[in-house]
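The values are calculated or read from the model by the stated rules, or taken from the named source; none is laboratory data. Everything numeric in this text was worked out from a predicted model, so none of it was measured. Heads up, the Cβs are rebuilt from the backbone with ideal geometry, glycines too, and the neighbour counts pull from every protein chain shown. The area values use the complete protein model at the heavy-atom level, side chains included, leaving out ligands, DNA and RNA. Shrake-Rupley method; radii C 1.70, N 1.55, O 1.52, S 1.80 Å.
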Amino acid sequence: MIWNKKYECMKRDELQDIQLKRLKETVERVYKAVPYYRNLMDNKGVKPDDIKSLQDITLLPFISKQHLRDNYPFGLFTVPMSEVVRIHSSSGTTGKPTVVGYTYKDINTWSELLARTLTCAHADKNSVVQIAYGYGLFTGGLGVHYGAERVGASVIPISGGNTQRQIMLMQDFGTTVLACTPSYALFMGEVLEEMGVKKEDIKLKSGVFGAEPWSDNMRKKIEEKLGIMAIDIYGLSEIIGPGVASECPVQEGLHIFEDHFIPEIIDPETEEQLPPGATGELVFTTITKEAFPVLRYRTRDITSLNYETCECGRTMVRMKKVTGRTDDMIIIRGVNVFPTQVESVLLEIGEAQPHYQLMVERKGSMDILEVLVEVSENLFSDKVKGLEGLERTISHKIESVLGVSARVKLVEPKTIPRSEGKAQRVIDKREI
Ligand code: DLL
C-alpha cells in the first residue's frame, strides 16, 4: 500500500545521508544561480562549503514571503524560463502575488508526492478521484490531479463549486475518493442530505482534505456524513503546493516527505531552532526542487514534530495538525486572506475610514465573512441610500481583490474599538 517504500520507510540515518547530499546541492545551486541568495548568504558570512552536516542548516538565512515579493515575479528562479514548464501563484496576498515555477522534473516530483498522498487515502488504479479543489493558479486542483493520474485512478477534474452537480456526478461516475477543502466536504455532506441521497447510495470511501485548518471534531462530522475515511493533507505554494505532508490511515499526525523537504521548528521571535517535540513555527528547506528551491522558508504555520515511529510503517517525521499561524492570515473557504488587503481596498475607495474589522462565522459548513467599516462623520449624516451604494462598492472591490465574497456593513464613526497596541482586525467565531 505504501507508494514509494524505499523512501517512505527508509531508516533515519540513510535518510539523513540523502538529505545532507541534497541540501548541499541545493545551497550550491541557489548560491551560484541567484545573486539575491548569494548576497543573503554573504551577509551572514556563510558559503556553500560551510554546510558539512544537517545541523549546519541553521547557518543559512531565512526566506519570508516578503523576500519572494521583493523578487517578483521570477527573481528567485534558478533556471532560465525555457526550462520552466508551469507557473502557479499563491492566492490572496496583498499587492503582487507570490509566484512559483516548476521544471519538468519538478512536476514529476510533485506528481509522485501526490501519488504518495493519495495512496495514504487508499487510492489506486481502481479508484475514481473527484477533484473539487480549484483548478488554475491555485496549486490544489492541478497538484492533486497529476498525483491521481500517477496512481492510475480515473480522474474527474470538476474543480470547485456547483455542489448539486458534484453530487450528481459523484453518484453517476461512482466517485470513490473526494479531494477538496474540509469545509467544502462538509458542505457536500449537507447538500447530500438535502437531496435525499443516503451515504449508502454513493461509493465514496475516502477523501484528501486540506488547504485550511480543521479539527478532529470536524473530521468526525465529515467521516460520518459521507461515510468515509478523511485524510488531512498539507502544503503551501511556496514549497511545492499540496504534497508537502499527508496523514496516513493511522490519522495521528501528517508525515512530511522528508526526502524532498527538511522541516525545522523555530521560535518565531528569536528565530532559534527548537528541539523535537516543541511547538513553534514550521520552516521548510526544499532539497530537490530545480526551478524554485527555497532555503528555510518561514511558513508562519504553528505545529510540532514527532519523530516516533508510526504504526503504518512510514518512517518520515509527523507534524501535528496545523491549527494556528504567527501572522493574521485567515483562510476563508480555502482562500488565504490578509486583513491588510481589506485595508488597501478601503484606502483606495477613500470615503471609508481604514478602521475596520473582519468577522468570520461558520454557518453550517459555510464561512461567512462580514467586514465592518467605519465611515467619516459627514458621510454618515448623508442619506442612507448613498451608504448602501458604498457598501456595494466596497463589497465588489473586496471580492475582486480577495477572491471571496464579503458582506460589508458600514458603522458609525468611532464605533470600532481602538487599540493601543496591535489592532484586533479579525474576530474569528468559527468553531472548527
Ligand atoms: O493551500 C496548498 C494546498 C492545496 C494544500 C490543497 C492542501 C490541499 P496555499 O494557498 O499557498 O497552498 O496556502 C498555504 O494554507 O501555509 C497553511 O496556513 C494552510 N494550509 C494548507 N494545508 C493545510 C492543512 C495550499 N492541511 C497555507 N491544515 C499554509 C491547516 C493548511 N492549514
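Just a few scattered comments:
- Residues in the stretch 365-383 include none that are open to solvent by 50 Å² or more (accessible area, probe 1.4 Å), within 24 Å of residue 213 (Cα to Cα) and outside any strand (DSSP E or B).
- Condition check for residue 216: more than 16 Å from residue 180 (Cα to Cα) and away from the ligand (no atom under 16 Å from the Cβ): no
- The residue pairs whose first member lies in the stretch 122-146 and is without any contact (Cβ under 8 Å) to a residue 40 or more places away in the chain and more than 15 Å from residue 156 (Cβ to Cβ), whose second member is within 12 Å of the ligand (Cβ to nearest atom) and not β-branched (Val, Ile, Thr), and whose beta carbons are closer than 9 Å, counting only pairs six or more residues apart or on different chains, are 124/118; 136/88; 136/142.
- Qualifying residues in the stretch 52-67 (those that are closer than 26 Å to residue 20 by Cβ and part of a helix (DSSP H, G or I)) - the one least open to solvent (accessible area, probe 1.4 Å): 57
- Per-region count, the stretch 406-423, residues out of contact with any Phe, Trp or Tyr (no Cβ under 8 Å at 6 or more places or on another chain) and surrounded by fewer than 14 Cβ atoms within 10 Å (Cβ to Cβ): 9
- Matching option when the condition is farther than 17 Å from residue 145 by Cα, more than 16 Å from the ligand (Cβ to nearest atom) and in the same structural domain as residue 300 (by TED's automatic domain parsing), among 186, 192: 192
- Filtered residue count, the stretch 223-239, keeping only those that are outside any strand (DSSP E or B) and near the ligand (Cβ under 9 Å from one of its atoms): 3
- A search for C-beta distances below 6 Å between a residue of the stretch 319-335 that is at positive phi and any residue that is of a type in the set (Gly, Ala, Ser) and near the ligand (Cβ under 9 Å from one of its atoms), counting only pairs 6+ apart in sequence or on different chains, returns 334/211.
- Residue count for the stretch 113-156 under the criterion of being away from the ligand (no atom under 14 Å from the Cβ) and in a loop (DSSP other than H, G, I, E, B): the result is 9.
Residue by residue, here is whether (1) assigned to a strand (DSSP E or B); (2) open to solvent by 50 Å² or more (accessible area, probe 1.4 Å); (3) not acidic (Asp, Glu) holds:
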| site | (1), (2), (3) |
| --- | --- |
| 289 | no, no, yes |
| 292 | no, no, yes |
| 311 | no, yes, no |
| 331 | yes, no, yes |
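- Evaluation of residue 198 against (1) within 13 Å of the ligand (Cβ to nearest atom); (2) among the basic types (Lys, Arg); (3) open to solvent by 50 Å² or more (accessible area, probe 1.4 Å) (one fails), failing number: (1)
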